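Since the structure comes first, as structure tokens, the remarks are kept for the end.
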Amino acid sequence: MRFGVIVFPGSNCDADVYHVLEQVLGVEVVYVWHGETKLGGFDCLVLPGGFSYGDYLRTGAIARFSPVMQAVTAFAHAGGLVLGICNGFQILLEAGLLPGAMRVNKTLQFICQDVWVRVENAATPYTCLARPGQVLRLPIAHKEGNYYCDPATLAALAAGGQIVLRYCDASGNLSEEANPNGSLEHIAGICNPEGNVFGLMPHPERCAEEILGNRDGLLLWQSIVHWLKEKS
């Protein structure tokens, strides 16, 4: 089992992801520089958070043109697991691997806090160890996390079970107060129709150990490992 962490100029959560994969889960993981054009021997690729290329133009707008993204796209189309976290999610949107776009938070401010999310689809490789409706506490840190798509896309997401996580309160209830960035339909994470590409704004790598005071994020990482083991 081999993971690759894609590193763009401006990535700053790559080491956190690497640590969780290697030190907490004990799986093989390597850094992949954005200039690479070939990706072989990987089971899962992770696009971490940060400020790729300084987030100039739009978040993820320049990173989508990095040489590595052609290889990431080919990997995804071949059925490989691709996980985008925060800025990684934004890059997947810009690259067309996931539908929709990100707008500035409803507060017009950068938000860094813990939030609650509800698992809407527990049948993906990233949530297969969760219960439908399970509530997780995860941290967010972004200014452009206000997910938006047109009505037809939203209907397709709902019909295809592609809405994986929704912002909620501690009891799992949806409310405007529990939606930190104004995201459409409280969306915190979505997947593609096949389920192998997943993007989310919260940071599961920042809450995967007891020493951090919260291990809820570990469930997502363990789900990936479990799914890969079951598949092999």
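The values are calculated or read from the model by the stated rules, or taken from the named source; none is laboratory data. All of these numbers come straight from a predicted model, not from anything done at the bench. FYI the Cβ positions are ideal-geometry reconstructions off the backbone, even for glycines, and counts take in every protein chain you see.
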Considering region 65-96, residues that are in contact (Cβ under 8 Å) with a residue 60 or more places away in the chain and over 12 Å from the mean Cα position of the chain (by Cα), and then whichever is surrounded by the most Cβ atoms within 10 Å (Cβ to Cβ), we arrive at Val72
So, in region 9-67, how many residues would count as being over 17 Å from Val82 (Cβ atoms) and of a type in the set (Lys, Arg)? 1
Cβ-Cβ under 9 Å, sequence separation 6+ or interchain: first residue in region 205-231 and without any contact (Cβ under 8 Å) to a residue 24 or more places away in the chain, partner surrounded by 17 or more Cβ atoms within 10 Å (Cβ to Cβ) and among the small types (Gly, Ala, Ser). Which pairs? Arg215/Ala208
Flag for Ala170 being out of contact with any Gly (no Cβ under 7 Å at 6 or more places or on another chain), surrounded by fewer than 22 Cβ atoms within 10 Å (Cβ to Cβ), at pLDDT 95 or above and hydrophobic (A, V, I, L, M, F, W, C): yes
Of the residues Val27, Val5, only one is crowded, with 22+ Cβ neighbours inside 10 Å and in contact with a Leu (Cβ under 9 Å, 6 or more places away or on another chain); which? Val5
Those helices (runs of 4 or more DSSP H) lying entirely in region 1-105 with at least 1 residues among the polar types (S, T, N, Q), modelled with pLDDT of 95 or more and under 28 Å from Ala152 (Cβ atoms): 67-77, 87-94
Could you list all residues from region 106-121 that are without any contact (Cβ under 8 Å) to a residue 60 or more places away in the chain, surrounded by fewer than 21 Cβ atoms within 10 Å (Cβ to Cβ) and assigned to a strand (DSSP E or B)? Cys112
Here the qualifying pairs (Cβ atoms under 8 Å; residues six or more apart or on different chains; first in region 132-158 and at positive phi and at pLDDT 95 or above; second among the charged types (D, E, K, R) and in a strand (DSSP E or B)) come out as Gly133/Arg118
Take Asn192 and tell me if it is within 30 Å of Thr153 (Cα to Cα), surrounded by fewer than 24 Cβ atoms within 10 Å (Cβ to Cβ) and modelled with pLDDT of 95 or more. yes
Go over the candidates Ala208, Ala178 one by one and state the one that is crowded, with 23+ Cβ neighbours inside 10 Å, among the small types (Gly, Ala, Ser) and within 20 Å of Leu136 (Cβ to Cβ). Ala208
Val46 being buried (at least 21 other Cβ atoms within 10 Å of the Cβ) and touching a residue at least 60 places away in the same chain (Cβ under 8 Å): no
Can you find, within region 125-143, the residue that is nearest to Gly60 (Cα to Cα) among those that are surrounded by fewer than 23 Cβ atoms within 10 Å (Cβ to Cβ) and within 14 Å of the chain's Cα centre (by Cα)? Ala141
